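Below: one structure, written as structure tokens.
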Amino acid sequence: IFIQHIISSSIMSSSSEELTSRLVVALGSASTIKIGAVEEGLSTISQQPIIVKGIDVASGVPPQPKGRDETQRGAYNRAEGALTAFPEAILAIGIENGMYENVNGVLVDAACIVFLYRRHDDDEEKRIVTIVAWSDELVIPVDGTMAPGPNGEWSYLKDPHIVVTNGARNRKAFLADTIRAVIERREIMIEEAP
């Protein structure tokens with residue numbers, strides 16, 4: 001699968017001095033929850049340490065994205081900003097949580113996770129490959145039990161997931177599970193970067 005291939009290629013083409021710097025993943029956020037989720041989600045793919053470098057980049061969308069398009073745009077902008085800020089990274093990731101009505105008309109929160117990596121074609125030309133994945137949806141309580149955040153967020157909490165699920169699953173788990181799923185399966189949306 002793509003991340004394992006990138007890491008294997010990096011390991012095989014690196015001297016031991018270069019190894020650590022070649023296994024850096026750039027994350028378009030300095031959030032400790034997101035950094036921890038990426039570390040956990042990628043923990044099983046390499047015996048070499050993977051360093052997640054959190055970079056504070058702008059999402060280019062409001063603090064509380066509304067709709068899947070706006071959420072995905074924020075995730076893509078974060079991944080692109082991370083790759084621009086740290087071009088030597090083997091992979092860049094952008095994570096953006098947003099709210100939208102799902103197919104059943106229920107208001108939900110979900111994270112869009114965008115993975116960007118450089119692929120070398122046979123002619124050695126680099127191109128950016130984009131993979132987009134969505135976390136499980138979390139039904140947003142509309143009964144007034146959650147106080148909204150100051151910027152239009154549906155909750156003032158950094159991790160409302162742990163409250164809504166009654167302690168069963170925190171936000172980090174939602175994100176790490178999605179990252180692990182991208183690694184373990186192939187039925188994900190793959191598209192060329194614009």
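The values are calculated or read from the model by the stated rules, or taken from the named source; none is laboratory data. The model shown is predicted, which means the values in this text are computed figures rather than measured ones. Don't worry about glycine lacking a Cβ; one is built from the backbone with ideal geometry, like all the others, and counts go over all protein chains shown. The accessibility values were calculated without ligands, DNA or RNA, using every heavy atom of the protein model including side chains. Shrake-Rupley method; radii C 1.70, N 1.55, O 1.52, S 1.80 Å.
Inspect segment 139-153 for any residue being under 15 Å from Ala75 (Cβ atoms), surrounded by 13 or more Cβ atoms within 10 Å (Cβ to Cβ) and either of a type in the set (Ser, Thr, Tyr) or at pLDDT below 95 (or both) and give the result as yes or no.
No.
Of the numbered criteria (1) modelled with pLDDT of 95 or more; (2) open to solvent by 20 Å² or more (accessible area, probe 1.4 Å), the one Lys34 fails is (2). Can you find a residue in segment 91-101 that is farther than 19 Å from Ala30 by Cβ, free of Cβ contacts under 8 Å to residues at least 24 places away in the same chain and not in a helix (DSSP H, G or I)? Yes, that holds for at least one residue.
Only residues that are surrounded by 18 or more Cβ atoms within 10 Å (Cβ to Cβ) and part of a loop (DSSP other than H, G, I, E, B) were counted in segment 62-72, giving 2. Taking the listed residues Ser14, Ser29, Ser46, the one that is at pLDDT 75 or above and assigned to a loop (DSSP other than H, G, I, E, B) is Ser29, with no other qualifying. Scanning segment 154-172 for residues that are modelled with pLDDT of 90 or more, surrounded by 15 or more Cβ atoms within 10 Å (Cβ to Cβ) and of a type in the set (A, V, I, L, M, F, W, C) yields a total of 2.
Okay, residues lined up against (1) part of a helix (DSSP H, G or I); (2) crowded, with 18+ Cβ neighbours inside 10 Å:
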| residue | (1), (2) |
| --- | --- |
| Val52 | no, yes |
| Gly60 | no, no |
| Gly74 | yes, yes |
| Asn77 | yes, yes |
| Glu80 | yes, yes |
| Glu88 | no, no |
| Val103 | no, no |
| Tyr117 | no, yes |
| Arg127 | no, no |
